[in-house]
Amino acid sequence: MLGWMQTRCTSPRHALHRACRHQHGQSLVEFALILPVLMLILMGIVQMGFVFNAYVTISNATREAARTATIYLYDRNQSVGTNDTARNEAARSALDSAMGMLSAASPWFANSSTWTITNNGDTFTTGDLVIAYTLPAGVTDADSRVGQRVSVSMTYHLDLLIPFIGAILPHDANGRLPLTAQVSMLVN
């Protein structure tokens with residue numbers, strides 16, 4: 001029947017011309033009702049693409065920082081604290097350079113220039129970056145930390161572009177989505 005109406009509606013002189021105009025108006029109203037829903041779905045897909053991209057980037061950056069911390073060459077002419085600081089700075093530098101298009105500056109990623117040492121001197125933290133060294137069972141404690149497990153964890157605060165999506169996802173006090181990545185490797 002719809003095909004009959006369309007063929008009959010093509011002639012402007014036809015008596016059903018008024019009905020044809022109402023049919024086109026109905027299509028416009030239906031489109032206006034569906035458009036916000038379609039736009040919301042499309043914007044949600046775009047926002048989740050940004051979230052996924054940021055998560056993959058911080059996972060790779062964290063892995064690169066842990067790898068850099070494991071292959072650091074211990075300098076026997078320096079103290080343990082100086083070597084730990086140099087190892088952590090090398091890991092932080094590797095993490096910063098692996099961030100790609102993500103901003104490595106505050107407020108997205110708090111990264112100060114000083115390290116706070118906690119947990120018997122085995123955990124170093126600077127803002128959203130934490131580097132922890134643990135001694136597995138059966139491994140003796142050495143100044144070079146060979147055989148210890150290094151864990152690098154970071155938290156990145158991603159801006160959410162779509163307010164509705166931001167209300168659904170967990171967010172911090174500033175409305176940003178905190179994404180966390182953690183990698184553990186053995187020090188060589």
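General observations
- Zone residues, the range 151-188, relative to ASN119, backbone N less than 13 Å from point 7 Å out along Cα-to-Cβ: 151-154, 182-185
- The range 100-163-the range 174-188 distance, computed between alpha-carbon centres (Å): 8
- Per-residue 3J(HN,Hα) values for the range 124-137, derived from phi via the Karplus relation 6.51 cos²θ - 1.76 cosθ + 1.60 with θ = phi - 60°, read 10, 10, 9, x, 8, 10, 10, 10, 10, 10, 10, 9, x, 5 Hz in sequence order (x marks Gly and Pro).
- Model label zone, LEU73; criterion: amide N under 18 Å from point 7 Å along Cα-to-beta-carbon; scope the range 125-159: 144-146
- To the nearest ten degrees, helix 17-70 and the longest principal axis of the Cα atoms of the chain are 10 degrees apart.
Computed from the coordinates by the stated procedures, all read-outs in this text should not be read as laboratory data. Being a predicted model, the structure only gives us computed values, none of them experimental. As a convention, Cβ positions derive from the backbone with ideal geometry for all residues, glycine included, and neighbour counts pool all protein chains shown.
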